[in-house]
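Report on the structure given below.
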């Protein structure tokens with residue numbers, strides 16, 4: 001616990017100083033309207049580092065409302081109006097939480113399965129493991145996958161909808177036991193208490209996320225998420241720095257600016273070697 005706390009850092013003062021310099025030099029982007037929530041496929045990321053207090057992580061020692069027997073769960077809550085919140089699990093799977101969304105998950109997945117509980121809208125990019133399926137519980141639907149990417153709409157005021165970007169997903173109606181498999185390019189809907197599969201409308205395909213946030217996430221996980229969506233330059237750091245924890249927002253800026261902001265927060269340096277931006281201790 002002591003080592004973990006020592007790895008955390010207050011970014012507020014460092015960000016104010018760097019923001020002022022970037023603003024003076026005219027290097028900050030103009031504000032734009034964020035695109036709808038969807039798959040992060042944009043070529044460039046923003047990098048505005050700040051302290052964020054609107055996301056909460058708590059531990060629950062009770063039975064969840066969907067009937068599962070989960071003795072100990074962490075809860076990650078992204079509040080209404082907040083930008084997309086990103087969480088990387090211990091197995092390397094990544095979830096992008098839309099605003100007004102709650103995710104419950106164990107500190108460590110069980111040996112035989114990886115199970116989480118979702119209330120709201122989210123995008124999952126699940127690490128492949130056929131022997132250890134990834135299971136998502138919503139109020140009316142159970143989702144089972146071994147490795148894929150898909151977008152879930154499960155907010156209470158909207159009908160359930162799931163769109164597969166990559167791989168295949170098994171969807172089970174918890175009330176009547178109906179189950180269907182959904183493949184890449186397909187969308188499954190819950191309508192009149194029945195599941196229906198159709199081809200994904202091109203106008204509903206995933207769009208880029210302009211802003212994303214990380215809450216007490218390790219530097220190694222942050223860089224891995226950014227690199228999944230940046231094809232031109234790769235951000236790397238040394239193994240000794242990967243466990244540094246950071247709370248940050250990234251907002252449509254170049255990888256070089258991301259590297260500079262991270263270095264300002266942790267008092268580090270970076271250098272470019274071919275297509276790699278390496279962050280290291282001086």
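For the condition out of contact with any strand residue (DSSP E or B) (no Cβ under 7 Å at 6 or more places or on another chain) and either part of a helix (DSSP H, G or I) or in contact (Cβ under 8 Å) with a residue 60 or more places away in the chain (or both), what is the one hit in 239, 231?
231
Going by the structure shown, is residue 225 over 27 Å from residue 98 (Cα atoms) and touching a strand residue (DSSP E or B) at 6+ places or on another chain (Cβ under 7 Å)?
When the stated conditions are applied, residue 225 does not pass them.
Quick check: anything in region 273-281 surrounded by fewer than 13 Cβ atoms within 10 Å (Cβ to Cβ), under 30 Å from residue 130 (Cα atoms), touching a residue at least 24 places away in the same chain (Cβ under 8 Å) and outside the structural domain of residue 122 (by TED's automatic domain parsing)?
Scanning region 273-281, I find no residue that is surrounded by fewer than 13 Cβ atoms within 10 Å (Cβ to Cβ), under 30 Å from residue 130 (Cα atoms), touching a residue at least 24 places away in the same chain (Cβ under 8 Å) and outside the structural domain of residue 122 (by TED's automatic domain parsing), so the answer is no.
The values are calculated or read from the model by the stated rules, or taken from the named source; none is laboratory data. These numbers come from a predicted model, not from an experiment. Positions of Cβ are generated from backbone atoms using ideal geometry, with glycine treated the same way; all protein chains shown enter the neighbour counts.
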